[in-house]
Amino acid sequence: MTLVSRTKEIAQKRGLSLKTLAAKAGLAENAIYRWDDNNPKSENLKKVADVLHVSTDYLLGRTDEMNATSSDKKVTDILDNETILAFDGMEIAEEDKEKLREYARFIIEQRQRGNK
């Protein structure tokens with residue numbers, strides 16, 4: 001899988017087009033599409049990885065783990081549609097799960113804006 005195809009795949013999981021992803025990362029609208037022809041600058045790759053909440057190694061295909069961790073703890077991606085959500089041992093309805101994901105996206109976006 002190429003860098004562009006892997007980036008596109010995870011962007012789609014996050015509900016983003018490559019153009020939207022590029023804009024959120026502060027890159028030119030079609031910058032990511034050009035990565036098939038030219039290797040991206042490391043700083044641009046890091047910006048995209050940060051927006052997608054994955055490691056640069058994941059985007060480069062060096063690992064299949066989205067987030068590298070320095071400890072044995074597993075990091076769960078709340079925005080992943082495969083994440084199982086339950087409360088007090090009971091399954092949460094799918095529409096409620098999506099509301100929780102939307103809220104998590106909102107919180108993450110607010111934090112990102114605050115870090116700029």
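Give the residue that is least open to solvent (accessible area, probe 1.4 Å), with candidates limited to residues of the stretch 29-68 that are among the β-branched types (V, I, T) and assigned to a loop (DSSP other than H, G, I, E, B). Checking each candidate, the answer is V54.
The selection criterion, being at pLDDT 90 or above and either within 17 Å of L18 (Cβ to Cβ) or open to solvent by 100 Å² or more (accessible area, probe 1.4 Å) (or both), does not hold for K74.
Of all the numbered requirements in (1) open to solvent by less than 100 Å² (accessible area, probe 1.4 Å); (2) at pLDDT 80 or above; (3) within 25 Å of S5 (Cα to Cα), D96 misses one, and that requirement is (3). Beta carbons closer than 9 Å, at least 6 apart along the sequence or on distinct chains, pair a first residue in the stretch 1-22 that is open to solvent by 10 Å² or more (accessible area, probe 1.4 Å) and hydroxyl-bearing (S, T, Y) with a second that is outside any helix (DSSP H, G or I) and at pLDDT below 95 for T2/G61.
Might you check whether a residue that is touching a Ser or Thr at 6+ places or on another chain (Cβ under 7 Å), at pLDDT 80 or above and not acidic (D, E) occurs anywhere in the stretch 22-32? Yes; the residues of the stretch 22-32 include at least one that is touching a Ser or Thr at 6+ places or on another chain (Cβ under 7 Å), at pLDDT 80 or above and not acidic (D, E).
The values are calculated or read from the model by the stated rules, or taken from the named source; none is laboratory data. Since the model is a prediction, treat every value here as computed from it, not as a measurement. Virtual Cβ from ideal backbone geometry, glycine too; neighbours counted across all protein chains shown. Surface areas here come from the heavy atoms of the whole protein model, side chains and all, with no ligands, DNA or RNA. Shrake-Rupley method; radii C 1.70, N 1.55, O 1.52, S 1.80 Å.
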